[in-house]
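As structure tokens, the structure follows; a few thoughts come after it.
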Amino acid sequence: MKQNQPAPTLPLEDISDCSTEYVTAVLRALSILEAFGGSDVHLPLVELSKRTGMNKTTALRIARTLAKKHYLVQRDDGDWRLGRAAGWLGACYQATFDVHDIVEPVLRELTIQTGESASFYVREGNQRTCLARVDGPQTIRHHVRVGIGLPLDLGAPGRVILAFSGERGEPYEAIRKRGFHLSMGEREAEVSSVSAPIFGLDWKLLGSICISGPTSRLAKERLMELAQVIMQAANQLSYSLAGNTKLAKLKLPDSIATWHP
């Protein structure tokens, strides 16, 4: 083969014949990457094996393959950590959401209006990830780190994502009907939050925004007052992310979020 000549590609029928093998390999590689949590600086092979359900031989083979493309790095002590390629994907992911130009100003305005911290969450598998956050001005406040993965079925932001992803039953039917959800001590004791959905083009669900803080300040009555504030912000942000800047500047009815199951 001549230098710089592209490698031959498999015929379509060959790809179809072994597609199951390819898909399995990709899913296993993704499972290795997803095994890392927000607080995991590095993990030993035995922990990767445990979290993914793979035997150690398979986990090691996939980890070494990912390391060749810099998605993983093996430390001198044998543990594994995420590599620069994983960081690059994260940076690209954030860039596509216009976090700095569109989302963060809305979150900042929410903290000014409410005096509490504001966050934007997106769904990643069976978790919700905090993609952007602006801390409130209060000395005592709820702390969440950008990039951390949290349960979908605990807390207002996750429940909202599940509801507008089509989850059946309660409380999801009620959440879709009123367009927001509030939570008190569901994931963390003494922490309250209220959340509403964010949509993009063609009303595709992108995630949810929320305000959160200590229950001592955010009793149920206060959360209900702030629900209208966050729904209005969610509607404005949805139009901005969908690219309809004219509609984003209008004063929108509070019930817009309920139009979209």
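Looking only at residues of region 57-95 that are in a helix (DSSP H, G or I) and of a type in the set (S, T, N, Q), we find that the one that is farthest from PRO44 (Cα to Cα) is GLN94. Of the residues in region 127-148, how many are under 10 Å from the mean Cα position of the chain (by Cα) and either surrounded by 18 or more Cβ atoms within 10 Å (Cβ to Cβ) or at pLDDT 85 or above (or both)? Within region 127-148, residues that are under 10 Å from the mean Cα position of the chain (by Cα) and either surrounded by 18 or more Cβ atoms within 10 Å (Cβ to Cβ) or at pLDDT 85 or above (or both) number 6.
Here's a check for you: in region 210-242, which residue that is of a type in the set (Ser, Thr, Tyr) and not in a helix (DSSP H, G or I) is modelled with the highest pLDDT?
SER212
If you filter region 185-200 down to residues that are surrounded by 24 or more Cβ atoms within 10 Å (Cβ to Cβ) and among the β-branched types (Val, Ile, Thr), you find that the one that is nearest to VAL144 (Cα to Cα) is VAL194. Looking only at region 192-202, residues that are more than 17 Å from ILE102 (Cβ to Cβ) and out of contact with any strand residue (DSSP E or B) (no Cβ under 8 Å at 6 or more places or on another chain) come to 1 in all.
If I filter region 243-256 for residues that are modelled with pLDDT of 90 or more and not in a loop (DSSP other than H, G, I, E, B), do I get at least one hit? Checking region 243-256: not a single residue is modelled with pLDDT of 90 or more and not in a loop (DSSP other than H, G, I, E, B). Criterion applied to SER117, SER49, SER39 was being closer than 19 Å to LEU150 by Cα, modelled with pLDDT of 90 or more and small (Gly, Ala, Ser), and the one residue passing it is SER117. Residues in region 149-167 that are closer than 15 Å to GLU186 by Cα and surrounded by 21 or more Cβ atoms within 10 Å (Cβ to Cβ): 7 in all.
Per-residue answers, yes or no, for (1) closer than 19 Å to VAL23 by Cβ; (2) surrounded by 16 or more Cβ atoms within 10 Å (Cβ to Cβ):
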residue: ASP40; (1), (2): no, no
residue: LEU45; (1), (2): no, yes
residue: LEU48; (1), (2): no, yes
residue: THR52; (1), (2): yes, yes
residue: LEU66; (1), (2): yes, yes
residue: HIS70; (1), (2): no, no
residue: ARG81; (1), (2): no, no
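Among the residues of region 100-114, the one identified as modelled with pLDDT under 90, of a type in the set (Val, Ile, Thr) and farther than 15 Å from CYS210 by Cβ is ILE102. Right, GLY83: modelled with pLDDT of 75 or more, farther than 30 Å from PRO197 by Cα and outside the structural domain of LEU206 (by TED's automatic domain parsing) or not? When the stated conditions are applied, GLY83 passes them. Sub-6 Å Cβ pairs linking a first residue in region 120-136 that is assigned by TED's automatic domain parsing to the domain that holds LEU205 and farther than 21 Å from GLU167 by Cβ to a second residue that is surrounded by fewer than 19 Cβ atoms within 10 Å (Cβ to Cβ) and of a type in the set (Lys, Arg), at least 6 apart or interchain, are VAL134/ARG108, ordered by first then second residue. If you go through region 159-175 and keep only what is among the acidic types (Asp, Glu) and either within 19 Å of the chain's Cα centre (by Cα) or not assigned by TED's automatic domain parsing to the domain that holds SER195 (or both), you end up with just GLU167.
Scanning region 188-209 for residues that are in contact with an Asp or Glu (Cβ under 9 Å, 6 or more places away or on another chain), over 19 Å from PHE120 (Cα atoms) and part of a loop (DSSP other than H, G, I, E, B) turns up nothing. Take the conditions (1) in contact with a Ser or Thr (Cβ under 9 Å, 6 or more places away or on another chain); (2) at pLDDT 90 or above; (3) assigned to a helix (DSSP H, G or I); MET54 misses just one of them, which is (3).
The values are calculated or read from the model by the stated rules, or taken from the named source; none is laboratory data. Just so it is clear, the structure is predicted and the values come from calculations on it, not from any experiment. Glycine also receives a Cβ, built like all others from the backbone with ideal geometry; neighbour counts cover every protein chain displayed.
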